[in-house]
Each structure stands twice: as C-alpha cells, then as structure tokens.
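What follows is one structure encoded as structure tokens, with my remarks underneath.
Read-outs throughout are calculated quantities, based only on the coordinates presented, and are distinct from any laboratory measurement. As the structure is a prediction and not an experimental result, all values here were calculated from the model. No Cβ is skipped: glycine too gets one built from the backbone with ideal geometry, and neighbour counts run over all protein chains shown.
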Amino acid sequence: MSFETSIRTLDLQVTDVIEFRRAGAGRQQRVHAVINGTELTQLWHGAVGRWAAPIWSSVLGPSLEWWGPNGKPPPAALSEWVPVGYAPVLTCRCGDFACGGALAQIRFDRRLVIWANFKTAKFEKDVPLGPFIFGRRAYEVARDAS
Ligand SMILES: [Zn+2]
C-alpha cells in the first residue's frame with residue numbers, strides 16, 4: 001500500500017445527550033470520531049472485543065483542544081490514566097474513562113495528523129488498531145466544524 005492511499009477521512013460529530021449515570025450526570029456532549037465512514041467505537045470493538053463510548057467534549061476542551069496540535073495537560077481526574085503525549089479518544093460506556101476508555105498518541109506534522117499507539121486506559125494490552133493517518137488540512141476542517 002502506498003503512503004498516499006493510506007490517508008483516511010475523519011468526520012467529527014458532536015451529539016447532545018442527557019446522561020443519567022453517575023460519572024457523566026447531566027447534560028453533556030459526546031464527540032463521535034468517524035474514520036473512513038466507520039465510528040471509532042466500532043473499530044475499537046473490532047480490535048479489543050468490547051465496546052467503549054464516544055468521549056465527552058468537556059474532556060477534550062473548547063474546540064476539541066486535546067485533539068489539536070498543542071494537546072492539553074490532563075486534568076487531575078485523568079492524570080493517572082493519560083500519559084503525556086496521549087489523548088483520550090473514547091470513554092467507558094459507564095462514563096468513567098478509567099474503567100474502559102481508550103487513548104492514542106496524536107502527532108502532527110506539516111501535512112499530516114497521525115493517531116497511533118492506541119491503548120486501553122489501563123494499558124493492559126497492546127491494541128491492534130491504526131495507525132490512522134489524516135491529511136492535516138482536512139483534519140483541521142473537521143475539528144473546526146465540530
Ligand atoms: Zn465502565
């Protein structure tokens with residue numbers, strides 16, 4: 001496979017949800033990452049054998065800052081679970097990231113954005129998923145549109 005043909009599309013869809021369970025109680029927004037037309041939750045399920053849920057937009061920060069070129073220092077509640085250089089990409093279906101969330105390294109270069117080294121929140125095993133390579137311009141458009 002050539003390098004060019006390995007570039008994926010990324011769509012980011014933000015949905016409003018009313019969350020009743022403890023960890024995310026209240027009105028929230030989830031950020032759905034859709035890679036080449038397939039929800040990341042589904043790709044994750046295929047790789048790990050269990051389901052996770054789209055991440056809360058409040059975790060990523062304004063303008064999905066954590067998925068941007070400068071990342072974001074993990075808030076105290078997540079610092080134990082998200083090492084420097086990683087970003088949360090999915091949360092557990094119960095709403096508690098540490099329980100069953102997913103993270104990845106997000107790297108930027110001039111033309112590309114790469115999501116790689118997917119891990120479970122507890123780093124319990126290697127996850128055979130990605131890397132996913134996006135054109136940087138299209139990636140920024142998707143972030144701006146969400
Ligand atoms: Zn859970």
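Which angle from 0 to 90°, rounded to the nearest 10, does the C-alpha axis of helix 136-145 make with the longest principal axis of the chain?
That helix lies at roughly 40 degrees to the long axis.
Calculate the dipole size of region 4-145 relative to its Cα centre from +1 charges on Lys and Arg beta carbons and -1 charges on Asp and Glu beta carbons; express the result in debye to the nearest 20.
With Lys and Arg at +1 and Asp and Glu at -1, about 100 debye.
Just how large is the dipole of region 76-143 about the Cα centre, in debye to the nearest 20, putting +1 at every Lys and Arg Cβ and -1 at every Asp and Glu Cβ?
Its charge dipole is roughly 340 debye.
Can you compute the radius of gyration and Dmax for the chain, using only the Cα atoms, both in Å?
14.3, 46
How far is the Cα center of region 34-75 from the Cα center of region 113-146, in Å?
Using only Cα atoms to place each centre, the spacing works out to 8 Å.
Work out how much length Arg27 to Arg107 would gain on full extension: take 0.36 nm times their residue separation and subtract the Cα-Cα distance, in nm to one decimal.
Numbers: separation 80, 0.36 × 80 = 28.80 nm, distance 3.10 nm.
The Arg27-Arg107 span can extend by a further 25.7 nm.
Normalized C-alpha radius of gyration of region 40-124, against 2.2 N^0.38 Å?
On the way: Rg = 12.2 Å, N = 85, 2.2 N^0.38 = 11.9 Å.
Here the Cα radius of gyration is 1.02 times the empirical estimate.
How would Phe108, Phe132 line up from fewest to most surrounding beta-carbon atoms within 10 angstrom?
Phe108, Phe132
Would you calculate, for the chain, the mean residue ellipticity at 222 nm contributed by helices, counting each DSSP H stretch of 4 or more residues as -39,500 (n - 2.57) and dividing by all residues, to the nearest 500? Write down the numbers at each step before the final one.
Details: 4 runs with 27 residues, N = 146.
Only helices count here, giving -4500 deg cm²/dmol.
Neighbour counts of other C-beta atoms within 10 Å: give me Arg8, Arg27 arranged from fewest to most.
Working: Arg8 17, Arg27 9.
The order, fewest Cβ neighbours first, is Arg27, Arg8.
Modelling each spin label as a point 7 Å along the Cα-to-Cβ direction, I'd like the Val17/Glu39 distance in nm, to one decimal.
According to this spin-label approximation, the distance is 0.8 nm.
Considering just Cα atoms, how many Å³ per residue does the convex hull of region 100-146 enclose?
Cα-based convex hull of region 100-146, divided per residue, equals 73 Å³.
Where both residues lie in region 4-145, what percent of DSSP beta bridges are antiparallel, nearest 5?
95
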